[in-house]
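The values are calculated or read from the model by the stated rules, or taken from the named source; none is laboratory data. Here the structure is a predicted model, which is why all the values come from computation and not from measurement. For neighbour counting, all protein chains shown are included, and Cβ atoms are generated from backbone atoms with ideal geometry for every residue, glycine included. These accessible areas exclude ligands, DNA and RNA; they are computed on the full protein's heavy atoms, side chains included. Shrake-Rupley method; radii C 1.70, N 1.55, O 1.52, S 1.80 Å.
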Amino acid sequence: KNQKEMTKANVIAYVPGVPSNWGKGLSQEDLMIRDECIIVDENDHITGKGHGTKKAVHTFSVDTPRGNLHRAFSVFIFNEEGKLLLQQRAADKITFPSVWTNTCCSHQLHGFSPNEVDDDESIAKGEVSGAKNAAVRKLEHELGIVGFNPSDFKYLTRLHYWAADVVTYGNTAPWGEHEIDYILFAKKNVEVQPNPEEVKDIRYVDANELKEMMNPSSGLLWSPWFRIIAENFLFPHWWKDLNVTLQTNKYVDFAKIHRFDPTIEHMGGAGGAGKWLGHPSVPSYDAAPALISSANTNAAIAGDSSLKQGSYGKVIIHKHSLWSQLSRLDEVFAALWFKYGAKMPNQLKKDNENIVFCDDILDKVSRSFAAVIRQLPRGLCVDIMVFYLVLRALDTIEDDMDAFKGRENDKINHLNTFYKTALVTDGWNMQGVGKGDEKRLLEQFYRCVSVFKSLPGASQDVIADITRRMGEGMASFVGRDLAQGTPTIADYNLYCHYVAGLVGEGLSRLFTCCGYESPEVAAVAKTLANTMGLFLQKTNIIRDYLEDYVDGRSFLPQEIWRKYTTTADLGEFTQPAARGKAVACLNHLVTDALQCVPECLQYMTLLHTEEVFRFCAIPQVMAIATLSDIYNNPKVFTGVVKIRKGMAAKLILDTKSTGGLHKWFNVLSRDILARVPSSDPSAARTRDICKQIIQLTDRHSKSAIAGSYIQSFNVAASVALAASLYRLIGVAVGGEKLSLNGLTSVLMAPSKHGGKPTVIAAGLFFCSLAFIVVTNLFVGTSRSDLRRADH
């Protein structure tokens, strides 16, 4: 349907106060220009001028991708039999024409008498006479219902939702709704005389009849707001016992505003709007499960959402099967050895309760980083631990999409000032932000402050500087609509710089100021170290596509992913029909991340302390392993892909030297190269960067691979040495006491002491001993580029 043309020539002059014939003789176009809706913020506070034309607030565009948030009301009238009166909106309605919906839904308007504008104090008390006055007016206008009084309504709660009318106008729909909707219930027999310019049809239904009508097989269209209300509130709660709803306050909530994004068929529009309001704010009146209409992903809900914030644990984790892990014996051995035989040293000296807290919370918020931080030299590990926890606290504030909803300016202020308030104020803490252990970190952040203040001045300066710059960078993204990702690749890189590149810079400066690396490392803090951070962050963003999309905030650049969609909606990739293009987009993004690898490898050549090298190397080999796992893998769009635990153990055990690092970059780049589809749009660029990485790592990786084989033979040689020595000792004893002279005699002339078996045992002994000595010299030489810190 083409957008209806509206001109001011159609408008009847506006006269303050509602005339007795309000709405009569006015077309839908007239009303869109004439009526002034009440504009509010996300907490329902009237903002700015306080009102705007119905046309303006419902216009979806690049500048206003969800129009302007404004007040509305939804009336539900039940007759004495308990049946609900529905209406089908007229075909001439500008927004959502011909859809079925509740009894009446419209807007409170500015400038009418009786007044339709409720103030904050009245709303807090539940005295919403303005919304009720508007409902009385519209019931008469749309349905010809007269004799209704404001006191006939029971006000229940408010609902914040938005929806683009793409069903009517297509993917670039210029119209939509973005409302804080006041829910009004009433039970009364009424006489209905529908206005054909407003209403196409009406029907009374009971709950079962409504469910049948709402079944997709019926072919009926439904308003997005009514579907949200019906599935989350009406069926599971309000209509179960209508008398309880109307006669008690069990379902009344004047304080909370329930927030819902639309289902995917109502996302998009001229502004390309996507998920924004976060997880549905479903009611919990009696802990009954609510029905969430969610067609926007195919992800299963799994895990305990209280453990982490965002969507962590709320989409499935694609783990490798038990057989896949057990069938790789080398990984099984590595996992067992890592767990029981090759544990990383813990250099952290826990000499006060605040360091004990920091150590405990570090393990809770990041098990992967905890071990590599603890193995750092004693003069560095506390500094890095505090640095990590400070930035994790800052990140928790940035990531919480619910605590600051409607208070984005508060979030911006916290991010901008964290370095000079939270970081230096004794007793500072923050309540109600984050989930699980991240929440606990903020609640007891004063403990981190205490440890921070005990650090050397140079370390404090570095941590405060990076915290300031990261907070300011994060704050610059808070006000952006990121439901559909960042607009450009430059924005994508800038965000990665703020949240990860700056971490690389700070770490490099700490390595140097604490005396464990040369000034050469600090000199590349803003270049090579920044690229290393980008590599890690891009890997996480790509892997976490679905989690971020479900959470209503993504950082994937539209400049890349829109090349692979037909609807210009990031959620399109979750649909099975779009899987081919989704994987092509994924491969493009992986290739972009791989471009960082050459500079990462260059940075690593500057490190000379083994513990520092290992600290930086482990996250990088984990990242390249993740990219190898997710490359050309459609599972990224149905959950989160994780590498095998045994594989992770092998990676960690192998990252003590340049050879080990290069080995894995070489092996995994070859793995990606071997799987590049010839038809992939990024195939040539993927092959080029993989070949470049292979060339950069070939020399050291070959030595490391040879070293791995030698170590395996070394184990065999040790067994052979022990077995042969046991045989020779038995011969030398000969029923007498063992003596050195006796054993030497056997070794020097084995043929005189037992014949051929003794000769073989002596030969095996000498060969095994020689092999062990030579290989240990070789392994020692291969690691000579790194030094152990002086503990």
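For residues in the range 592-611 being part of a loop (DSSP other than H, G, I, E, B) and buried (at least 20 other Cβ atoms within 10 Å of the Cβ), which is farthest from the chain's Cα centre (by Cα)?
For the range 592-611, the residue satisfying everything is 607.
Being within 28 Å of the chain's Cα centre (by Cα) and not small (Gly, Ala, Ser), is that true of even one residue in the range 133-141?
No, the conditions are met nowhere in the range 133-141.
Only residues that are over 25 Å from residue 373 (Cα atoms), touching a strand residue (DSSP E or B) at 6+ places or on another chain (Cβ under 9 Å) and open to solvent by 20 Å² or more (accessible area, probe 1.4 Å): list them for the range 622-653, please.
629, 633, 635, 638 - these are the residues of the range 622-653 that are over 25 Å from residue 373 (Cα atoms), touching a strand residue (DSSP E or B) at 6+ places or on another chain (Cβ under 9 Å) and open to solvent by 20 Å² or more (accessible area, probe 1.4 Å).
Going by the structure shown, is residue 140 among the charged types (D, E, K, R), in a helix (DSSP H, G or I) and either open to solvent by 40 Å² or more (accessible area, probe 1.4 Å) or in contact with a helix residue (DSSP H, G or I) (Cβ under 9 Å, 6 or more places away or on another chain) (or both)?
Working: among the charged types (D, E, K, R): yes; in a helix (DSSP H, G or I): yes; either open to solvent by 40 Å² or more (accessible area, probe 1.4 Å) or in contact with a helix residue (DSSP H, G or I) (Cβ under 9 Å, 6 or more places away or on another chain) (or both): yes.
So residue 140 fits the description; yes.
Scanning the range 369-380 for residues that are under 21 Å from residue 442 (Cβ atoms) and at pLDDT below 90, which turns out most open to solvent (accessible area, probe 1.4 Å)?
Of everything passing the filter in the range 369-380, 369 is most open to solvent (accessible area, probe 1.4 Å).
Tally the residues that are in contact with a helix residue (DSSP H, G or I) (Cβ under 6 Å, 6 or more places away or on another chain) and either part of a loop (DSSP other than H, G, I, E, B) or closer than 24 Å to residue 256 by Cα (or both), restricting the search to the range 432-456.
3
Looking only at the range 245-271, count every residue that is part of a helix (DSSP H, G or I) and either closer than 20 Å to residue 553 by Cβ or modelled with pLDDT under 90 (or both) and tell me the total.
Number of matching residues: 4.
Quick one: count up the residues across the range 158-173 that are in contact with a strand residue (DSSP E or B) (Cβ under 6 Å, 6 or more places away or on another chain), surrounded by 19 or more Cβ atoms within 10 Å (Cβ to Cβ) and of a type outside the set (A, V, I, L, M, F, W, C).
Final tally of qualifying residues: 4.
I'm trying to understand the selection: among the residues of the range 568-591, which are closer than 21 Å to residue 481 by Cβ, touching a residue at least 60 places away in the same chain (Cβ under 8 Å) and assigned to a helix (DSSP H, G or I)? Let's see the steps before the verdict.
Going through the range 568-591, the residues closer than 21 Å to residue 481 by Cβ turn out to be 568-574, 585, 589.
Then keep just the ones that are touching a residue at least 60 places away in the same chain (Cβ under 8 Å); that gives 568-571, 573-574.
The answer is 570, 571, 573, 574.
Return only the number of the condition from (1) part of a loop (DSSP other than H, G, I, E, B); (2) in contact with a helix residue (DSSP H, G or I) (Cβ under 6 Å, 6 or more places away or on another chain); (3) at pLDDT 80 or above that residue 298 does not satisfy.
(3)
Going by the structure shown, is residue 539 β-branched (Val, Ile, Thr) and over 25 Å from residue 466 (Cβ atoms)?
no
Of all residues in the range 13-68, which are of a type in the set (S, T, N, Q), at pLDDT 65 or above and part of a loop (DSSP other than H, G, I, E, B)?
Across the range 13-68, the qualifying residues are 43, 61, 64, 68.
Could you say whether any residue in the range 113-130 is crowded, with 18+ Cβ neighbours inside 10 Å and either aromatic (Phe, Trp, Tyr) or under 34 Å from the mean Cα position of the chain (by Cα) (or both)?
Step one: of the range 113-130, the residues crowded, with 18+ Cβ neighbours inside 10 Å are 116-118, 123, 128, 130.
Narrowing the set further to residues that are either aromatic (Phe, Trp, Tyr) or under 34 Å from the mean Cα position of the chain (by Cα) (or both) leaves none.
So far as the range 113-130 goes, no, none of its residues is crowded, with 18+ Cβ neighbours inside 10 Å and either aromatic (Phe, Trp, Tyr) or under 34 Å from the mean Cα position of the chain (by Cα) (or both).
Could you say whether any residue in the range 205-219 is open to solvent by 20 Å² or more (accessible area, probe 1.4 Å), within 27 Å of residue 176 (Cβ to Cβ) and of a type in the set (Lys, Arg)?
Yes, the range 205-219 contains a residue that is open to solvent by 20 Å² or more (accessible area, probe 1.4 Å), within 27 Å of residue 176 (Cβ to Cβ) and of a type in the set (Lys, Arg).
Each row is one residue, and each column tells you yes or no for (1) touching a residue at least 60 places away in the same chain (Cβ under 8 Å); (2) surrounded by fewer than 17 Cβ atoms within 10 Å (Cβ to Cβ); (3) over 18 Å from the mean Cα position of the chain (by Cα).
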residue	(1), (2), (3)
389	no, no, yes
425	no, yes, yes
434	yes, no, no
447	yes, no, yes
468	no, no, yes
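I'm told residue 656 meets every condition in (1) in contact (Cβ under 8 Å) with a residue 60 or more places away in the chain; (2) assigned to a helix (DSSP H, G or I); (3) surrounded by fewer than 22 Cβ atoms within 10 Å (Cβ to Cβ) except one. Can you identify the failing condition by its number?
(2)
Pick from the range 232-274 the residues that are surrounded by fewer than 20 Cβ atoms within 10 Å (Cβ to Cβ) and among the charged types (D, E, K, R): which of them is nearest to residue 484 (Cα to Cα)?
265
In the range 81-99, how many are assigned to a strand (DSSP E or B), open to solvent by 10 Å² or more (accessible area, probe 1.4 Å) and not charged (D, E, K, R)?
Here the count works out to 1.
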